[in-house]
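Here's the structure we're looking at; comments come further down.
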Amino acid sequence: MSLRLREVALRLDEQENVLPDKIAALLTIPRTEINNWKIVRKGIDARRKPEVLRVYTIEFSHADEAALLQRHRQNHCLIAAALQPMPEILVLKTQPRVLVVGMGPAGLFAALQLIETGALVTLIERGKAVAERVRDVDNFWSGGKLDPESNIQFGEGGAGTFSDGKLTSRLNHPLMRQVLETLVRFGAPEEILLQAKPHVGSDRLRKVLINFRQHLLALGVDIRFSTRLDGLQIQQGSICAGLSEGQEFRCDQLVLALGHSARDTYQMLQGAAVALEAKPFAVGLRVEHPLDLINHIQYGREKHPQLPAAEYSLAWNDPQSGRGVYSFCMCPGGMVVNAASEPGALVVNGMSNFSRVAEFSNSALVVAVRPEDFDADGPLAGIAFQRKWEQRAYQIGGGNWRAPAQPLLEFLGGQSGPLRSSCRPAVVHADLSNCLPAFVIDGLRKALPQFNRRMRGFVGPEATLIGVETRTSAPVRILRDGSGESISHPGLFPVGEGAGYAGGIMSAAVDGLKTAKNILQRYQV
């Protein structure tokens, strides 16, 4: 057995080698009784700024751990370290053929679990490999044409490839550790295993994806890029193949990890009578502030070398409408990106590299949207809602991929000022109240003063709003049972964010792993 002590604090000028002395002082035992110590988690406590602390969870051994636990039984920070569960070993009686559709985190981790357990796996992706995809996106941002099949939404790694690479989730599942360790195995920095808020960064994530793909290929996965699922084949009431431009991919089971922007795939699924429903999501704007300003607001001091670029999370519930208004996908030291995937429709998102040292920090500020807000009925009504406002943003921006933007103070009825934004290819001054539904604009205008009370200086002359942010999560849910199988189509397993069951890299990866395990158990000896 070993012990864990949480909330061991260091000042910014203290070195980590004094942690055992801190433990000894907190537990009133000699330093010599602290053995085999290691850091298992670390984060930042800025609640008493400008006195910002680094906070650690430490695992260590002691000659009489039971007695130490008993002596400090009132100390909720000292616990017995949980034993790591033994990995589940599945032995298959038959070798299933599984078609995995989509190379986002859900599809990649499902394919990995399936192939490493002994299934035959074909993995198809409508977009391109990551290196080609990066070139296509850079060309688009530089004023070139949009490629509807190779962009920020579609291609190897999914939409998360052009993001901050955040590895946090409200989900608390044992498989999260497996996801982190797998990412480290493929080249992510080891520190993500310790950080309270781990991230890989878009630049590092691309290298991880290449290593991930090479591993899958070495194990025998048949990977096909530029291959879009456009049909399902059913035999004896169950999925028996996926179709792509007349090509047939025979399978026993089909894992559908389509991503939240695969609107044509949703259309195909509706035509095939797959059980779908409209689901809530959120829409709004991106906000950009200078990185140094957010650092100062959050830390109350100049940034110290021991401190990461500051993050924030804001939320407010409108008591009149009952709608939540909140920040989403915060990217410290990053950039706002034009994330379009359809001609004539503009949507923005945020991205950061691993270093998080770019001039601006940004996040989405969004308002909850419900199915009753949509202009039509049916499971695809949310897509029509998104498209309407993305097309409006494209038109207001001038029809040449410039994103409409407005100084935050002007948006609130105050004085105008210069537009400062990282968004490529450019932004253009616009009245953002014309870019979104009135209830969203009203919600943002009510929430911003509340956010400023939490973060003094958040509402100020250096802040810029950019529109529109509509792809916060899937607008459709593909209905499934407890094992992850479609309730209408046996053999179809919708997974991840595009299926409506995850939000972000970690939860999507875990969903892919869980569903793969459920499939494999059907073939277990």
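Assorted remarks:
- Filter result for Asn75 (in contact with a His (Cβ under 8 Å, 6 or more places away or on another chain) and surrounded by fewer than 16 Cβ atoms within 10 Å (Cβ to Cβ)): no
- So Lys128, is it surrounded by 19 or more Cβ atoms within 10 Å (Cβ to Cβ) and among the charged types (D, E, K, R): yes
- Checklist (1) in the same structural domain as Met176 (by TED's automatic domain parsing); (2) more than 21 Å from the chain's Cα centre (by Cα); (3) within 20 Å of Val495 (Cβ to Cβ) applied to Gly127, failing item: (2)
- Residue match in region 339-346 (condition: touching a Leu at 6+ places or on another chain (Cβ under 9 Å), of a type outside the set (D, E, K, R) and modelled with pLDDT under 95): no
- Flag for Ser321 being assigned by TED's automatic domain parsing to the domain that holds Pro290, at pLDDT below 95 and over 22 Å from Ala499 (Cα atoms): yes
- Of the residues in region 383-396, none is part of a loop (DSSP other than H, G, I, E, B), in contact with a strand residue (DSSP E or B) (Cβ under 8 Å, 6 or more places away or on another chain) and of a type outside the set (A, V, I, L, M, F, W, C).
- Matching entry among Arg206, Arg177, Arg185 (being loosely packed, with under 14 Cβ neighbours inside 10 Å and either under 17 Å from Gly504 (Cα atoms) or among the aromatic types (Phe, Trp, Tyr) (or both)): Arg177
- Count of residues meeting criterion [outside any strand (DSSP E or B), in contact (Cβ under 8 Å) with a residue 60 or more places away in the chain and surrounded by 15 or more Cβ atoms within 10 Å (Cβ to Cβ)] in region 229-254: 3
- Filtered by the rule that a residue be basic (Lys, Arg) and modelled with pLDDT of 95 or more, region 48-70 gives a lone residue, Arg54.
- Within region 1-39, considering residues that are within 13 Å of Thr57 (Cα to Cα) and of a type in the set (Lys, Arg), the one surrounded by the most Cβ atoms within 10 Å (Cβ to Cβ): Lys22
- Residue count, region 485-503 (criterion: of a type in the set (Gly, Ala, Ser) and either closer than 15 Å to Asp252 by Cβ or surrounded by fewer than 22 Cβ atoms within 10 Å (Cβ to Cβ) (or both)): 4
To keep it simple, each residue is scored yes or no on (1) crowded, with 20+ Cβ neighbours inside 10 Å; (2) modelled with pLDDT of 95 or more; (3) part of a helix (DSSP H, G or I); (4) of a type in the set (A, V, I, L, M).
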| residue | (1), (2), (3), (4) |
| --- | --- |
| Glu88 | no, no, no, no |
| Val98 | yes, yes, no, yes |
| Ala106 | yes, yes, yes, yes |
| Ala111 | yes, yes, yes, yes |
| Ile115 | yes, yes, yes, yes |
| Val134 | no, yes, yes, yes |
| Val137 | yes, yes, yes, yes |
| Ser150 | yes, yes, no, no |
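- When each of Thr515, Thr464 is tested for being under 20 Å from Leu276 (Cβ atoms), of a type in the set (S, T, N, Q), crowded, with 24+ Cβ neighbours inside 10 Å and touching a residue at least 12 places away in the same chain (Cβ under 8 Å), the lone residue that passes is Thr515.
- Restricting attention to region 21-77 and to residues that are acidic (Asp, Glu) and outside any helix (DSSP H, G or I), the residue that is nearest to Ala196 (Cα to Cα) turns out to be Asp45.
- Applying the condition of being aliphatic (A, V, I, L, M) and part of a loop (DSSP other than H, G, I, E, B) to region 328-344 and asking which residue is nearest to Thr464 (Cα to Cα) yields Ala339.
- Meets criteria (in contact (Cβ under 8 Å) with a residue 40 or more places away in the chain, more than 23 Å from Lys145 (Cβ to Cβ) and more than 27 Å from the chain's Cα centre (by Cα)) for Gly417: yes
- Filtered residues of region 397-435 (kept if in a strand (DSSP E or B) and not charged (D, E, K, R)): Ala403, Pro404, Ala405, Gln406, Pro407, Val427, Val428, His429
The values are calculated or read from the model by the stated rules, or taken from the named source; none is laboratory data. Because the structure is a prediction, the values reported are computed rather than measured. Note that we place each Cβ from the backbone using ideal geometry, even for glycine, and neighbour counts take in every protein chain shown.
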